Each structure stands twice: as C-alpha cells, then as structure tokens.
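Some notes on the structure that comes next.
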Amino acid sequence: MRYTYKESIYISSLPSLQELERQHSIAHVQYWINVSGIDIHQIYPEPNLLAYTISQFDFADVFTDGEKLTDFSKLEQFDIKQYKNVSELKHRNALLAAVKMLITQLENESSTSIFCHRGLARSPLVAASALNYVHNETLAQSIARVHLIHPPAYFTDISISALLWCKEQLRKPAYTE
C-alpha cells in the first residue's frame with residue numbers, strides 16, 4: 001500500500017555547510033538532491049561533502065516566470081503544453097530524472113533533502129511530483145503536502161503544467177524501474 005511510506009523529505013534553498021551538517025546530525029539526512037543549477041562541488045570542497053550522497057540535476061527555472069497560484073481547486077484543467085512550450089527537452093528530462101530519484105528515495109524511506117537556489121519553485125515542484133506519484137493522489141493534495149513540509153513554496157501556472165507533464169511521463173509503461 002502506498003500510504004505506508006515514512007516520509008523524511010526536506011525542501012530548502014541552497015544549503016550552507018552548517019545546514020548540511022545540521023540536517024545530517026538532527027534529521028539524519030544523508031541524501032541530497034540538487035536542482036539549483038549550481039554544482040555544489042564548486043561551492044564546497046570535496047572533503048566537506050564526503051558524508052553525503054548528492055545527485056545533481058540541471059534544468060532551467062521557467063516556473064518563476066509564471067503566474068503564482070493560490071487556488072488549487074481546478075488544477076486538472078491546466079495543459080502540459082504550457083510547460084513544453086517554455087522548456088527544452090533536455091531540461092524536461094532532467095526534471096523527470098530528479099523526480100524519479102526522489103521517488104526512489106521515498107520508496108526506500110531514505111531521509112532526503114531536495115534543494116534549489118531559493119527553495120521556492122524547483123525543489124517544491126520536484127517534491128510535489130514525486131509525492132503525487134508515491135501517494136497516487138490529486139495534485140492539490142500533493143501541493144498541500146509540500147506546503148506542510150515547506151510553507152514558503154509556491155506554484156505557478158507553469159509549475160502546474162510541469163506537474164501534469166511529470167504525472168503523464170511517470171504513468172508511461174517505460175517507467176518500470
């Protein structure tokens with residue numbers, strides 16, 4: 001049953017070394033998913049990162065260009081074409097790869113932190129997409145989960161279009177990992 005997962009997911013902005021250490025010692029986070037577009041190894045010396053497993057995915061933040069939403073009651077009326085029209089295939093593939101990585105971490109019940117540059121759009125989007133898949137729930141329920149985890153998160157019309165795109169991609173039979 002999908003609802004038996006113990007969620008240990010954290011959403012943040014680009015973490016400082018102190019934040020990495022704090023989450024590691026307090027929340028036992030050992031796995032980090034970086035969608036900030038900044039190679040964390042160029043910021044922090046390699047020895048400081050040895051205690052962590054870090055996956056990095058680079059895709060453009062086209063989401064902040066959209067209209068911020070506060071009403072999440074009619075999300076299924078959005079169209080995936082909006083996201084496809086403003087993004088490149090390689091960036092959509094990177095977004096999907098990040099979502100799949102987080103799905104794997106959730107299914108393994110691994111304490112995971114996902115971060116983007118400001119912690120407002122990209123990392124919440126990846127979290128909502130993964131949670132939507134894992135819990136097989138409505139987009140509004142997944143967005144509500146993200147807001148409980150990380151209240152500053154926001155979603156735009158482009159974010160919702162990307163959520164729908166991810167949902168469609170994850171339903172394809174090719175996703176059998």
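The values are calculated or read from the model by the stated rules, or taken from the named source; none is laboratory data. All of these numbers come straight from a predicted model, not from anything done at the bench. Because the Cβ atoms are built from the backbone with ideal geometry, glycine has one as well, and the counts that use them run over all protein chains shown. Side chains included, ligands, DNA and RNA excluded: accessible areas come from the protein's heavy atoms. Shrake-Rupley method; radii C 1.70, N 1.55, O 1.52, S 1.80 Å.
Report those helices (runs of 4 or more DSSP H) wholly inside the range 60-177 carrying at least 2 residues which are basic (K, R) and farther than 17 Å from I9 by Cβ.
80-86, 89-107, 157-171
Of everything in the range 1-28 that's under 20 Å from H147 (Cβ atoms) and β-branched (V, I, T), which residue is modelled with the highest pLDDT?
Ranking the candidates gives I11 first.
Would you be able to tell me the number of residues in the range 147-176 that are in contact with a Ser or Thr (Cβ under 9 Å, 6 or more places away or on another chain) and under 20 Å from E109 (Cβ atoms)?
2
Quick check, is N132 open to solvent by 60 Å² or more (accessible area, probe 1.4 Å), under 17 Å from L102 (Cα atoms) and touching a Lys or Arg at 6+ places or on another chain (Cβ under 7 Å)?
no
Condition (residue is surrounded by 16 or more Cβ atoms within 10 Å (Cβ to Cβ) and under 17 Å from S129 (Cβ atoms)) applied to the range 41-55: is it met by at least one residue?
Within the range 41-55 (the criterion being surrounded by 16 or more Cβ atoms within 10 Å (Cβ to Cβ) and under 17 Å from S129 (Cβ atoms)), the answer is yes, since at least one residue qualifies.
Could you list, in sequence order, the residues of the range 58-90 that are hydroxyl-bearing (S, T, Y) and at pLDDT below 95?
Within the range 58-90, T64, T70, S73 qualify.
Given (1) of a type in the set (F, W, Y); (2) buried (at least 17 other Cβ atoms within 10 Å of the Cβ); (3) in contact with a helix residue (DSSP H, G or I) (Cβ under 7 Å, 6 or more places away or on another chain), identify the lone condition not met by Y154.
Just one mismatch for Y154, condition (3).
Against the definition (loosely packed, with under 15 Cβ neighbours inside 10 Å and in contact (Cβ under 8 Å) with a residue 60 or more places away in the chain), how does E88 come out, yes or no?
No.
So the check is Cβ under 7 Å with 6+ separation or different chains; which pairs have a first residue in the range 146-157 that's in contact (Cβ under 8 Å) with a residue 40 or more places away in the chain and a second one that's of a type in the set (D, E, K, R)?
Y154/K68; T156/E67; T156/K68; D157/E67
Can you work out which of the residues in the range 91-111 that are modelled with pLDDT under 95 and buried (at least 19 other Cβ atoms within 10 Å of the Cβ) is nearest to F59 (Cα to Cα)?
Q105
Is it true that S36 is among the polar types (S, T, N, Q), part of a loop (DSSP other than H, G, I, E, B), over 19 Å from I143 (Cα atoms) and modelled with pLDDT of 90 or more?
Answer is yes for this residue.
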